[in-house]
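Some notes on the structure that comes next.
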Amino acid sequence: MVLCLDLIIEGKVSWKSSRVRPPVSGFPSLTALGNVALLRVQPPPLVDECAPHSFSCFLHPTYSFPQSRNSPLQDAVFRKVMSEAEQVPASAPEAASAVILNATDSNGTEALNATAKFVATPEGTALAYGSLVFMALLPIFFGALRSVTCSKSKNSADMPETITSRDAARFPIIASCTLFGLYLFFKVFSQEYINLLLSVYFFVLGVLALSHTMSPLMSRIFPVSLPNKQYQLLFTQGSGESIEEIVNYEFDTKNLVCLCISSVVGVWYLLKKHWIANNLFGLAFALNGVELLHLNNVSTGCILLGGLFVYDVFWVFGTNVMVTVAKSFEAPIKLVFPQDLLEKGLEANNFAMLGLGDIVIPGIFIALLLRFDVSLKKNSRTYFYSSFLAYIFGLGLTIFVMHTFKHAQPALLYLVPACVGFPVIVALFKGELTEMFRYEETPAEEAGTKEDSSASDKKDQ
């Protein structure tokens, strides 16, 4: 039988069954006890607590031994741990990095696994959460500003995708089926191969998204002295009069430079899966989503956010599906930031995360309110700023509850009431609630058709 001793940094010690883990060497804080490696841990003094049938007690000068131990090895290990625990000062530091140790006795039949789990420092936690909030605000703010320009664009490549009330009602159902399908895939098939396919897929999407995100900046910094040549990528089907366009994409030298830079980031992500590369792709996806996905009116936005509110709460609190997929899914569909950055630098690996859906879904509603502000022609951005501040409040409340209860939280549980409620209250005070819900955007294609028809009518007259 294999036995495992978990030396948890909070101070709890317990024996339990476990598989043998590979030995880890090179830790200077180890003390030899025969052929058993012990990790020196220094938890703060805590109150004794022992289970009746398994050894589970806090490392404290006053301790209890288990009722029975199965070998002299276990007995020696416990006495060594407890003797060192008596020498621990009351002000000993609590945090330590997670390590896994393995050792066997002379017969090779028993192993000891000592595991010290990392506990983030308050500074590291504050830095991680603050960085996630800041990164979430960037694509919402700039994506909303770019959505105003995008809605007026006549370029087919920049035309937004309009979400109708019917699309909004079906979206939570489609999202639920997709989420549960991914969950089953991870349960049935090898996680390694699924993530390999997803990595290649998101590599292509990420390069294109990051290239599109960088293009306005590149237009400003591109040297005037360099020639900016125009190119066209055209795929057609058929010939003669029955020819049909499949792809017709126009680009220039600036776009090619953006594509090359994005490809470098893509290769970095594909080979290393580094968290910075993940965040660059994640921010690009979020910004493009807020910019190119347009709600046609406020009622549609309320339907979409209300449906996803129920979706998020059910899949996080009702099942373990959402958390399992989020942890198993190795793709840039979430923003991450290490809580141990101060200790390990850029090689840190203990991450706090925020899903892109918690950015894009409220973001497209906030972008709609900005376009509503523009349509009022009052030279103010009241509804945009009120919803933007509401998002900050909702996200901050999510982090506070998650940190307090130590449990994953459905962010839309807090974001949806805040992002919808704040602007509605503002509209009530200003007497513009009816005008807000009557505001409707026409898809760019339909708007172009109406303009063409009105122009032809004027010519006929």
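The values are calculated or read from the model by the stated rules, or taken from the named source; none is laboratory data. Values in this document were obtained by computation on a predicted structure and should not be read as measured data. Here Cβ is always computed from backbone atoms with ideal geometry, including for glycine, and neighbour counts include all displayed protein chains. These accessible areas exclude ligands, DNA and RNA; they are computed on the full protein's heavy atoms, side chains included. Shrake-Rupley method; radii C 1.70, N 1.55, O 1.52, S 1.80 Å.
All other residues whose Cβ lies under 15 angstrom from that of ALA411 are scored, Lys and Arg at +1 and Asp and Glu at -1, for a net of -1. Inverting the pair-averaged 1/r between distinct Cα atoms of region 259-418 gives 17.3 Å as its Kirkwood hydrodynamic radius. For region 169-282, the Kirkwood radius over C-alpha pairs fed into Stokes-Einstein at 25 °C and 0.890 mPa s yields D = 141 µm² per second.
Calculate the translational D of region 226-346 in whole µm² s⁻¹ from Stokes-Einstein, where the hydrodynamic radius comes from the Kirkwood formula applied to all Cα pairs, the temperature is 25 °C and the viscosity 0.890 mPa s. Approximately 129 µm²/s, per Stokes-Einstein. The heavy atoms of TYR129 offer some 40 square angstrom of accessible surface to a 1.4 angstrom probe.
The HN-Hα couplings worked out from phi for region 409-423 by the Karplus form 6.51 cos²θ - 1.76 cosθ + 1.60 (θ = phi - 60°) are 10, x, 4, 5, 4, 9, 6, 5, x, 5, 5, 8, x, 4, x Hz, whole numbers, x standing for Gly and Pro. Rounded to the nearest 0.05, the FRET efficiency derived from the C-beta distance between GLU330 and VAL188 at R0 = 22 Å is 0.80. Estimated from the Cβ-Cβ distance and a Förster radius of 30 angstrom, the FRET efficiency linking SER242 and GLU161 is about 0.60. Translational diffusion of region 390-439 was estimated from the Stokes-Einstein equation, with Rh taken as the Kirkwood radius over Cα pairs; at 37 °C and 0.692 mPa s the coefficient is 274 µm²/s. Rg then Dmax, both in Å and based on the Cα atoms of region 310-349: 13.7, 39. Taking packing as the residue-averaged number of other Cβ atoms within 10 angstrom, the listed peptides 346-358, 235-247 run from highest to lowest as 346-358, 235-247. Note on exposure: ILE399, ILE174 ranked by accessible area (1.4 Å probe, complete protein assembly) read ILE174, ILE399, with the most exposed listed first. Compared with the direct C-alpha span, the chain from PHE429 to TYR249 gains 60.1 nm at full extension, assuming 0.36 nm per residue.
Which entries in the list LYS272/LYS334; LYS273/LYS334; LYS152/LYS254; LYS254/LYS377; LYS327/LYS406; LYS254/LYS334 go over 24 Å, if you measure between the two C-alpha atoms of each? Flagged as over cut-off: LYS254/LYS377; LYS254/LYS334. Annotation: amide H of LYS334 within the under-5 Å range of LEU356, sequence separation 5 or more or interchain, hydrogens built in the peptide plane. Length available on full extension from LEU234 to PHE317: 0.36 nm per residue minus the Cα-Cα distance, which gives 25.1 nm.
Between LYS344 and GLU440, the distance separating the two model label sites (each 7 Å from Cα on the Cα→Cβ line) works out to 5.4 nm. Karplus-based coupling profile of region 377-389, in residue order and whole Hz: 6, 9, 6, 9, 10, 4, 6, 5, 5, 5, 6, 5, 5, with θ = phi - 60° in 6.51 cos²θ - 1.76 cosθ + 1.60 and x standing for Gly or Pro. The residue list LEU270, GLY306, GLN232 was ranked by how far each Cα lies along the charge dipole of region 176-326 toward its positive end, using unit charges on Cβ atoms, and LEU270 comes out on top.
Annotation: amide H-H contacts under 5 Å for HIS294 (H modelled 1.01 Å from N, sequence separation of 5 or more, or interchain): GLU161, THR162, ILE163. Phi angles of region 170-178 translate, via the Karplus equation with coefficients 6.51, -1.76, 1.60 and θ = phi - 60°, into HN-Hα couplings of 7, 4, x, 5, 4, 5, 5, 5, 5 Hz per residue; Gly and Pro are given as x. Solvent exposure of VAL200, expressed as accessible area, is near 80 Å², computed with a probe of 1.4 Å over the protein chains only. Database remark: amide H of PHE251 closer than 5 angstrom to the amide H of TYR231, GLN232, LEU233 (H placed geometrically; neighbours at sequence offset of 5 or more, or on other chains; Pro and chain starts carry no H).
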